[in-house]
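As structure tokens, the structure follows; a few thoughts come after it.
The values are calculated or read from the model by the stated rules, or taken from the named source; none is laboratory data. Every value quoted in this text rests on a predicted model; they were computed, and no experiment measured them. So basically every Cβ, Gly included, is an ideal-geometry build from the backbone, and we count neighbours across all protein chains shown.
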Amino acid sequence: MTCTEFLAQLDELIDDEVTVALRADLEQHLRECEHCEITLNTTRKTIEIYRSHEIYELPESVRVRLEKAIMAKCRKC
Amino acid sequence: MSTIQTSGTGEVHPDVLLVERAKQGDVQAFEKLVRQYDRQVFRIANHITQNREDAEDVVQDAFLKAYEKLEQFQGNSKFYTWLVRIAVNESLMRLRKRRTGKMVSIDEDVETEDGSVPRDLADWSPDPEALYGQSEMAEILKKTIQGLPPGFRVVFVLRDVDGLSTEETADALGLSIPAVKSRLLRARLQLRERLAKYFRKNGKNGGGK
Ligand SMILES: [Zn+2]
């Protein structure tokens with residue numbers, strides 16, 4: 001397996017959508033290729049970091065204001 | 001917190017009941033849906049418009065439009081997926097207003113030669129989050145994802161942050177499944193690549209820009 005072939009399956013590997021046979025091949029490549037191992041680990045970390053940090057926080061005060069505005073109009077519908 | 005899941009056992013998603021009640025004029029049921037999803041709609045709207053004011057307007061307009069069109073919601077897709085579709089359209093409309101004349105879409109093709117993603121091969125610090133304070137981290141993440149084409153950003157956020165499936169993401173964005181898959185891969189790899197300069201092992205040097 002080449003690095004390009006490995007990268008083509010990266011998402012399936014991360015999302016755990018690979019067959020047992022393919023997983024074995026991918027893991028074999030990982031044992032031989034430090035670059036792909038780093039790529040896999042740091043891609044996982046990238047996802048984890050984006051998942052655990054809200055970068056567009058909606059402040060409670062704004063939230064309440066928006067909800068009030070929405071509901072006021074809905075009641076008039 | 002509010003992850004969306006199908007039970008697969010034929011159980012009715014709680015949203016379906018709320019939608020049914022709202023259709024019959026129960027405004028409180030609709031209010032529950034608003035409270036459940038307004039943060040997520042705000043997030044998606046921000047990722048597309050990159051403007052807080054616009055994003056606030058999108059939250060209002062998307063929910064009002066959803067309320068008006070509630071009769072048309074058939075329940076073949078999840079309420080949230082349907083809502084995202086409305087929110088994405090509203091966001092794109094806002095963008096168009098700001099950039100008058102310029103066509104904005106999320107399905108512009110951003111082709112690169114496949115497989116040719118440049119790779120930063122340095123390993124990351126074992127705990128990159130310890131390198132930066134909360135707000136500094138948020139800035140880095142924001143700046144980094146803003147550098148991606150809008151169509152990549154939105155796919156990444158829906159799939160990896162919101163936890164929608166590939167099919168739901170395709171449905172919400174009006175994209176094909178292969179298009180969602182190829183964007184997700186490139187979005188993940190590009191984000192990883194861009195974050196590497198902040199998180200690589202030898203600390204913050206090489207950062208900046
Ligand atoms: Zn490799």
Reported set for segment B:166-185 where residues are closer than 20 Å to A:LEU10 by Cα and in contact with an Asp or Glu (Cβ under 9 Å, 6 or more places away or on another chain) is B:THR166, B:THR169, B:ILE177, B:ALA179, B:VAL180, B:LYS181, B:SER182, B:LEU184, B:LEU185
Filter segment A:1-27 for residues that are away from the ligand (no atom under 16 Å from the Cβ) and of a type outside the set (A, V, I, L, M); the one that is nearest to A:THR43 (Cα to Cα) is A:ASP15
Only unsatisfied item for A:THR46, checking (1) out of contact with any helix residue (DSSP H, G or I) (no Cβ under 9 Å at 6 or more places or on another chain); (2) under 25 Å from B:GLU139 (Cβ atoms), is (1)
Given (1) surrounded by 15 or more Cβ atoms within 10 Å (Cβ to Cβ); (2) under 19 Å from the mean Cα position of the chain (by Cα), A:HIS29 misses just (2)
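So, in segment B:129-161, how many residues would count as being assigned to a helix (DSSP H, G or I) and of a type in the set (Phe, Trp, Tyr)?
Of the residues in that region, 2 qualify.
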Residues of segment A:23-77 being among the acidic types (Asp, Glu) and closer than 22 Å to B:VAL154 by Cβ, in sequence order, are A:GLU48, A:GLU54, A:GLU57
Exception for A:GLU32 within (1) over 30 Å from B:LYS143 (Cα atoms); (2) within 7 Å of another protein chain (Cβ to nearest Cβ) falls at (2)
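When you scan segment B:1-99 for helices (runs of 4 or more DSSP H) that lie fully inside it, which ones turn up with 2 or more residues that are at pLDDT below 95 and more than 14 Å from chain A (Cβ to nearest Cβ)?
Hits in segment B:1-99: B:14-23, B:79-98.
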Of the conditions (1) at pLDDT below 95; (2) facing chain A (nearest Cβ under 8 Å), the single one that B:GLY151 does not satisfy is (2)
Filter segment B:74-91 for residues that are in contact with a helix residue (DSSP H, G or I) (Cβ under 7 Å, 6 or more places away or on another chain) and surrounded by fewer than 19 Cβ atoms within 10 Å (Cβ to Cβ); the one that is nearest to B:ASP54 (Cα to Cα) is B:ARG85
Determine, yes or no, whether A:GLU57 is out of contact with any helix residue (DSSP H, G or I) (no Cβ under 7 Å at 6 or more places or on another chain), closer than 30 Å to B:GLN134 by Cβ and facing chain B (nearest Cβ under 9 Å).
yes
Q | Residue match in segment A:1-15 (condition: more than 10 Å from chain B (Cβ to nearest Cβ) and crowded, with 17+ Cβ neighbours inside 10 Å) | A | yes
